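Dropping the structure in here first, questions after.
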Amino acid sequence: MSIRATVKSALGDRNARTLRRLRNRLTGRPPEPPRPTGLAAISDDLTALAVHFKTDKWGTHRYTRHYQRHLQHLKNERFNLLEIGIGGYGRTGQGGASLRMWKHFFPHAQIFGMDLHDKSFVDEDRITTFVGDQSDPASLNAVADKIGELDVVIDDGSHRSPHVLTTFATLFPRLKDGGIYAVEDTQSSYWPEWMGSEDLDARHTTMGMLKRLTDGLNYEEFVDEEYEPTYTDLNVVGVHFYHNLVIIEKGRNAEGSNKRRVLKQRYSDS
């Protein structure tokens with residue numbers, strides 16, 4: 001046990017702090033900064049904030065550890081985060097837990113939420129909510145127009161595949177380069193009752209669309225000379241799959257290919 005721990009054990013926390021203050025005064029050391037308390041004490045821990053605000057991003061799910069990994073670089077930046085789905089369905093006064101969590105994790109960000117139901121009771125400094133329908137591109141674009149630049153988009157809405165695909169097709173092109181797009185609760189993609197499919201190769205489901213993005217990452221390696229790259233082929237630079245959560249990184253996907261050098265026989269005539 002260290003000397004400091006021994007003293008603390010013998011004197012107790014309060015007396016040990018008093019002794020340190022006296023030592024600092026006698027030696028001319030600057031006083032120790034006060035330790036953060038309350039929300040400030042957990043503001044760097046997204047999981048602790050999720051537990052505090054009672055959002056299911058931790059507990060029912062295990063999303064916060066992945067979000068912390070992929071969003072940590074934005075911790076002290078000024079940016080806009082939009083979450084589709086505020087929670088609480090149509091119940092009065094319910095919802096907004098994850099918006100509050102994001103606000104306290106990102107102290108300089110503007111946090112926006114969109115929901116089918118009026119959740120304006122959640123609005124406060126740096127949190128703004130909108131009524132909108134994620135199955136309607138016009139509604140999505142109207143909300144995006146009000147926000148301006150989109151740095152992070154999180155789809156925690158209906159979880160129905162057609163709605164998820166519509167939201168992605170509408171908002172991903174509006175996401176800035178270097179932005180992050182997340183799709184939550186992808187388990188519904190496998191449930192026919194939730195507009196998913198038992199067919200693991202179904203193209204119309206959330207997971208069908210997301211899995212195709214992984215091929216698009218490598219479109220430059222395709223040997224079909226007639227292939228025309230899609231918008232996502234050209235603008236997705238990373239896709240990270242976790243249990244019921246997929247995180248997509250946006251950027252310019254044009255690293256080039258060595259296929260003509262390696263496949264000399266195939267390309268010898270050209």
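Quick one: is L82 touching a helix residue (DSSP H, G or I) at 6+ places or on another chain (Cβ under 9 Å) and hydrophobic (A, V, I, L, M, F, W, C)?
yes
Which of the following residues is free of Cβ contacts under 8 Å to residues at least 40 places away in the same chain, crowded, with 19+ Cβ neighbours inside 10 Å and of a type in the set (S, T, N, Q): S257, S268, S188?
Values: S257 fails: crowded, with 19+ Cβ neighbours inside 10 Å; S268 fails: crowded, with 19+ Cβ neighbours inside 10 Å.
Only one candidate qualifies: S188.
Can you name the residue in region 110-130 that is in contact with a Lys or Arg (Cβ under 7 Å, 6 or more places away or on another chain) and more than 21 Å from L165 (Cα to Cα) and is also surrounded by the most Cβ atoms within 10 Å (Cβ to Cβ) among such residues?
I111
For D133, are the conditions met, namely being surrounded by fewer than 22 Cβ atoms within 10 Å (Cβ to Cβ), free of Cβ contacts under 8 Å to residues at least 24 places away in the same chain and part of a loop (DSSP other than H, G, I, E, B)? If you could, list the steps in order and put the result at the bottom.
Values: surrounded by fewer than 22 Cβ atoms within 10 Å (Cβ to Cβ): yes; free of Cβ contacts under 8 Å to residues at least 24 places away in the same chain: yes; part of a loop (DSSP other than H, G, I, E, B): yes.
So D133 fits the description; yes.
Among the numbered criteria (1) not in a loop (DSSP other than H, G, I, E, B); (2) not assigned by TED's automatic domain parsing to the domain that holds H159, which single criterion is violated by D269?
Failing condition for D269: (1).
Within region 59-74, is there a residue that is farther than 25 Å from V246 by Cα, surrounded by fewer than 21 Cβ atoms within 10 Å (Cβ to Cβ) and touching a Leu at 6+ places or on another chain (Cβ under 8 Å)? Give the derivation first.
In the first step, residues of region 59-74 are kept if they are farther than 25 Å from V246 by Cα; the result is none.
Checked against the condition, which is being farther than 25 Å from V246 by Cα, surrounded by fewer than 21 Cβ atoms within 10 Å (Cβ to Cβ) and touching a Leu at 6+ places or on another chain (Cβ under 8 Å), region 59-74 yields no hits at all.
Using the structure shown, decide if T167 is within 15 Å of S139 (Cβ to Cβ), surrounded by 18 or more Cβ atoms within 10 Å (Cβ to Cβ) and in the same structural domain as D136 (by TED's automatic domain parsing).
So T167 fits the description; yes.
Please work out which one of (1) of a type outside the set (K, R); (2) surrounded by fewer than 14 Cβ atoms within 10 Å (Cβ to Cβ); (3) touching a residue at least 12 places away in the same chain (Cβ under 8 Å) is the condition E198 fails and give its number.
Condition (3) is where E198 drops out.
Across region 44-101, what is the total count of residues that are under 21 Å from T167 (Cβ atoms), among the β-branched types (V, I, T) and in a helix (DSSP H, G or I)?
Final tally of qualifying residues: 0.
For region 145-172, name all the residues that are farther than 15 Å from Q134 by Cα and part of a helix (DSSP H, G or I). So that I can check it myself, show each step before the final result.
Within region 145-172, the subset farther than 15 Å from Q134 by Cα is 146-152.
K146, I147, listed by residue number.
Here are the criteria: (1) farther than 18 Å from V152 by Cβ; (2) surrounded by fewer than 20 Cβ atoms within 10 Å (Cβ to Cβ); (3) modelled with pLDDT of 95 or more. Tell me which single one T206 does not satisfy.
Tallying (1) farther than 18 Å from V152 by Cβ; (2) surrounded by fewer than 20 Cβ atoms within 10 Å (Cβ to Cβ); (3) modelled with pLDDT of 95 or more, T206 fails exactly one: (2).
The values are calculated or read from the model by the stated rules, or taken from the named source; none is laboratory data. On a predicted model such as this, the values are computed, not experimentally measured, just so you know. Note that we place each Cβ from the backbone using ideal geometry, even for glycine, and neighbour counts take in every protein chain shown.
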